[in-house]
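Derivation of every value follows stated rules applied to the coordinates shown; laboratory data play no part. Just so we're clear, the structure is a prediction, and the values are computed from it rather than from any experiment. Cβ coordinates were reconstructed from backbone atoms using ideal geometry, including for glycine residues, and neighbour counts include every protein chain displayed.
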Amino acid sequence: MNSEDIINLIKDTCEDTDNLSEINEDSALVGGNIDSMGLVQLCIALEEKAIDLGFEFDWTSEKAMSSMNSVFRSPKSLLKEFKRQQANNKKK
């Protein structure tokens, strides 16, 4: 998965959101471009993608839920966490 993949997943998952046409890897997600329903849909889509890739994506972790270090700040931060969890799960 790369930046383009995560941006396309966000656009596909949150298609009812009007302001996603100009989204890039640094765009604000929470508090910016995605409402709470879109965020839930995105998390479910990421869980499904992770299963397809052979690991479990945990978006409920302390890191993910921390407002200061939220992985949901931007597509870039979300992708970084997704890849971190993927790498950690493959080591087990």
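Working from Cα positions, state the angle (0 to 90°, nearest 10) between the long axis of helix 3-13 and the longest principal axis of the chain. Orientation of helix 3-13: about 60 degrees from the principal axis.
Diffusion coefficient of segment 3-91 by Stokes-Einstein, Kirkwood radius over Cα pairs, 25 °C, 0.890 mPa s: 188 µm²/s. For segment 46-57, putting each phi into the Karplus relation 6.51 cos²θ - 1.76 cosθ + 1.60 with θ = phi - 60° gives couplings of 5, 4, 5, 4, 4, 4, 4, 8, x, 8, 10, 8 Hz, in residue order, rounded to whole numbers and with x for Gly and Pro.
Computed over the chain with a Gaussian network model linking Cα atoms closer than 10 Å, the most mobile of ASN33, ASN69, ASN24 is ASN69. Between the Cα long axis of helix 75-91 and the first principal axis of the chain there is an angle of about 10°, rounded to the nearest 10. Taking label points 7 Å from Cα along the Cα-to-Cβ direction, ASN88 and ASP12 give a separation of 2.6 nm.
Full extension of the chain segment joining SER77 with SER3 gains 25.6 nm, where the gain is 0.36 nm per residue of separation less the Cα-Cα distance.
Fully extending the segment from SER21 to SER66 would add 13.5 nm, taking 0.36 nm per residue of separation and subtracting the current Cα-Cα distance.
Comparing GLY32, LEU42, VAL71 along the charge dipole axis of segment 3-91, the residue lying farthest to the positive side is VAL71, per the Cβ-charge model.
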